[in-house]
Amino acid sequence: MGFFDILQSVIGPAVFFSAPLIFTAIGGVFSERSGVVNIGLEGLMVMGAFVGIVFNLTFHDMLGDWTPWISILVAMIVSSIFSIIHAIASVTFRADQVVSGVAINFLALGLGLFLTKQWYDKGQTDMVERPFYTMDIPILSDIPFIGPLFFTGMYLTSYLAILLAFVGWFVLYKTPFGLRLRSVGEHPMAADTNGINVARTRYIAVMISGAMGGLGGSVFALTIALNFSHSTIVGQGFISLAAVIFGKWHPLGAMGAALFFGFAQSLSIVSSGIPLLQDVPQVFLMIAPYLLTILALAGVIGRAEAPKAIGTPYVKGSR
């Protein structure tokens with residue numbers, strides 16, 4: 001197998017596995033830039049996966065080819081609403097944000113499994129009939145060298161993930177809303193003094209995080225898992241959180257980190273076609289993304305400086 005063939009076999013799956021991580025990591029950046037720790041990214045992905053699959057199974061006859069796109073939109077809305085629980089606990093009631101996030105993880109999984117058992121009378125849903133499919137991008141796929149690598153056999157959701165990373169960067173760093181959100185995460189008292197509603201800004205940031213987590217979970221479910229069960233989302237939210245930290249709380253940095261972790265996840269799929277990896281036991285390749293997540297969180301690869309007020313509830317009038 002030539003070098004070009006290896007690249008072609010690696011890039012597609014790497015971007016494919018990265019897309020759900022990119023979506024969720026962008027949401028995590030917004031939440032944590034506002035000063036709210038969001039350990040609940042895993043739960044938000046679980047909720048998105050559950051809603052996306054159930055909606056797809058229920059309305060695929062009515063909506064036809066539009067079913068997966070409307071499914072991820074509904075998943076975004078429901079997960080955004082679900083994330084309000086975390087906002088109420090951490091912003092309004094000033095509860096421990098880590099504990100609140102962990103509770104979101106347990107609540108989402110428990111609720112999803114309970115409703116799955118009630119509606120389908122088993123521990124998992126049926127397989128969806130209208131998932132996302134790969135496609136070749138017209139004209140661009142015919143470009144020599146670049147076309148086969150980046151525009152052949154790809155999911156549109158992968159391009160959407162990269163596009164939203166740049167949109168997230170623009171919103172955070174080039175708009176008044178982004179400036180207000182970052183100021184709330186760095187120095188909430190100064191932001192409050194300048195007329196910025198700290199609580200409202202943090203609510204909005206957490207809800208954006210919920211929407212993006214729901215998008216990530218539903219895209220994962222409708223491209224990779226194709227059904228919902230207790231093991232549909234296993235560790236993806238925590239890998240996304242690692243991408244937020246590894247990417248230094250920056251949308252484009254988080255995207256780069258997510259691409260790195262997505263590549264690690266794809267190794268177990270593409271290893272048979274890569275000479276150097278053919279003899280590596282499959283179990284080592286399967287644990288690679290989780291090992292890299294631990295290394296990133298432990299700061300082995302490089303330490304990042306978090307927003308100054310992250311994890312600290314704001315009490316109006318306090319220093």
Using the Karplus curve 6.51 cos²θ - 1.76 cosθ + 1.60 with θ = phi - 60°, what ³J(HN,Hα) values do you get for each residue of segment 53-66, in whole Hz, with x for Gly and Pro?
5, 5, 4, 4, 5, 7, 10, 5, 5, 7, 9, x, 5, 7
Using a Förster distance of 25 Å, the FRET efficiency for residue 315-residue 99 (Cβ separation, nearest 0.05):
0.85
If one compares the long axis through the Cα atoms of helix 67-82 with the longest principal axis of the Cα atoms of the chain, the angle in degrees, nearest 10, works out at 30 degrees
Kirkwood-based Rg to Rh ratio, the chain, C-alpha trace
0.99
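Sorting 90, 209 on the 10 Å Cβ count, fewest up front, what's the list?
Details: 90 27, 209 31.
Ordered by Cβ neighbours within 10 Å, fewest first: 90, 209.
Give, in nm to one decimal, the length gained when the segment between residue 287 and residue 175 is fully stretched (0.36 nm per residue of separation minus the Cα-Cα distance).
36.3 nm is the gain from fully extending residue 287 to residue 175.
What number, in percent, do you get for the relative contact order of segment 29-115 if the mean sequence gap of Cα pairs under 8 Å and at least 6 apart is divided by its residue count?
Contact order relative to length: 45 percent.
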Within segment 65-88: backbone nitrogen closer than 17 Å to the residue 133 label point (7 Å, Cα to C-beta)
65-70
For an R0 of 41 angstrom, estimate the FRET efficiency from the Cβ-Cβ distance between residue 194 and residue 81 and round to the nearest 0.05.
0.85
Cut-off under 5 Å, modelled amide H: who pairs with residue 309 long-range:
186
Gap separating the Cα centres of segment 252-291 and segment 11-83, nearest whole Å
23 Å
Tilt relative to the chain, helix 176-186 - C-alpha long axis, 0 to 90 degrees, to 10
70 degrees
Total Lys pairs in the chain closer than 26 Å by alpha-carbon, pairs eight or more apart in sequence or interchain only?
4
For segment 159-233, just list the percent of Cα-Cα distances falling in each 5 Å bin from zero outward, please.
3, 14, 18, 19, 14, 11, 9, 7, 3, 1
Starting from the eigenvalues of the Cα gyration tensor, five times each then square-rooted, give me the equivalent ellipsoid semi-axes of segment 1-146, largest first, whole Å.
33, 23, 14
In whole Hz and in residue order, list the ³J(HN,Hα) couplings for segment 25-34 that follow from phi through the Karplus curve 6.51 cos²θ - 1.76 cosθ + 1.60, θ = phi - 60°; x for Gly and Pro.
5, 4, x, x, 4, 4, 5, 6, 5, 7
Phi to ³J(HN,Hα) by Karplus 6.51 cos²θ - 1.76 cosθ + 1.60 over segment 151-166, Hz, x for Gly, Pro
10, 10, x, 10, 8, 4, 5, 5, 5, 4, 4, 5, 4, 5, 4, 6
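FYI, it's all coordinate maths here, none of it is from the lab. Every value quoted in this text rests on a predicted model; they were computed, and no experiment measured them. Positions of Cβ are backbone-derived with ideal geometry, glycine not excepted, and every protein chain shown enters the neighbour counts.
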